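These notes are about the structure you will find just below.
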Amino acid sequence: MPLLPPDHVTLPFAATYLAAAILHDNHLPEPEAKAPAPFGTCRLMVSRIPELRAPNGLPRVLLQRVQRHDLVSRGLRVRAGSTPEGRKPAGFEVTVTFVERDGQPLYMAKPGSSPAAIKTLELTLAAPVVGCLSRTRLRAGLNARGLVAVGAPLPESIQVGVTPFEEHLVTRYRQLLAMGVLGAVLVDDRGRSVPIPAEHWREDGASAAFVEAHPVQMSLDGQDVRGIVCVDLQALRAGWRDAFAALPPTTELAEAEFPASAALAGTAPLLDFALYLARELGIADGRGPDGLPINQGKLEALIEKRWKESGRFDEDPSPNRLELLATILRHPSEKKGPKVWSSLGL
């Protein structure tokens, strides 16, 4: 198995690290310490709802008794995941440690329970970045010191939330890559890294590299190179704040996009759909995201499913159209016969 260059992580994790770094910066003890605009107000909101009992014994909540906590970040760290995949690029996680600014407990248990109080929260984020701050993933990534030891979940009385900002983060990160202010490399199956030209990040479909760390193929310096998009984490740590601060704060000026079809007048609908499928399924050079050949029948079934889901066409696809699209997407040298087929990420 090839080694990644030192301090390198996949692009999806690098974007996730930035989301955690923004939360860390916005919770530093110094009031003036904030992430660059427009992310300076993105904070983890934590409140505690005391459990009260009505005269009939049923639980009730008094809104005026809801206690909101002001958190301070005590650290940001990157670590390998807790799964067997932890040493692999896709297994990395980033954790922000929070405490209550005034030292107040976030939770007090009933007498005799363990732990008696919660004073520290740890938020762990993993790729992909988009959706990592949803309420479901946010709560799943929160742990409290003391609870981990006894295997207990975060108490339901502690409510957490963040105003999502991941999509804006990805667009701005891609903009900085396209400007050449921040960089990325393609690491091939021999562990060699090749710098990715800045202009690549302006192309339609370039944002797919932020979603999943699957192999992609690019033409670099006149040669086709297949590998995983990676980022030097030390360089990103040192330069992301100044880089993001140099962009216009308004969404309209920093994140504007236009449909690829606007530059491709007269493009055939079937060709557009085939390119869409290639991006969605991670197909590169006619093979699946794992580099293996694609089974014709399996691909046709996936094409039919995506065709009906897309709503682009009024009629269901005919068998001839399914075969045509599968032929376009598969490598022309592939032939029928027993072999190991790509899972197509499923």
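The values are calculated or read from the model by the stated rules, or taken from the named source; none is laboratory data. Predicted model, so just to flag it, every value in this text is computed and none were measured. Cβ atoms come from the backbone with ideal geometry, glycine included; neighbour counts cover every protein chain shown.
Table: residues versus (1) under 25 Å from Ala206 (Cβ atoms); (2) surrounded by fewer than 14 Cβ atoms within 10 Å (Cβ to Cβ).
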residue: Leu277; (1), (2): yes, no
residue: Leu281; (1), (2): yes, no
residue: Arg287; (1), (2): yes, no
residue: Glu304; (1), (2): no, no
residue: Asp316; (1), (2): no, yes
So, in segment 202-237, how many residues would count as being over 17 Å from the mean Cα position of the chain (by Cα), at pLDDT 85 or above and under 22 Å from Asp272 (Cα atoms)? 2
For Leu270, state whether it is farther than 30 Å from Leu322 by Cβ, modelled with pLDDT of 80 or more, in contact with a Lys or Arg (Cβ under 9 Å, 6 or more places away or on another chain) and not polar (S, T, N, Q). no
Would it be correct to say that Ala80 is in contact with a Leu (Cβ under 9 Å, 6 or more places away or on another chain), among the small types (Gly, Ala, Ser) and modelled with pLDDT of 75 or more? no
Residue in segment 184-194 that is modelled with the lowest pLDDT, counting only those that are within 20 Å of Leu233 (Cβ to Cβ) and assigned to a loop (DSSP other than H, G, I, E, B): Gly191
Any chance you could count how many residues in segment 195-250 are touching a residue at least 60 places away in the same chain (Cβ under 8 Å) and in a strand (DSSP E or B)? 9
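Every residue, every condition in (1) in contact with a Cys (Cβ under 6 Å, 6 or more places away or on another chain); (2) farther than 22 Å from Thr251 by Cβ; (3) at pLDDT below 90, yes or no:
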position	(1), (2), (3)
His24	no, yes, no
Ala33	no, yes, yes
Pro36	no, no, no
Cys42	no, no, no
Arg48	no, yes, yes
Arg53	no, yes, yes
Pro59	no, yes, yes
Leu63	no, yes, yes
Gln67	no, yes, yes
Selection count where residues are at pLDDT below 80 and closer than 15 Å to Gly291 by Cβ, scope segment 328-343: 4
Take segment 299-334 and flag every residue that is among the charged types (D, E, K, R), under 21 Å from Val216 (Cβ atoms) and part of a helix (DSSP H, G or I). Arg306
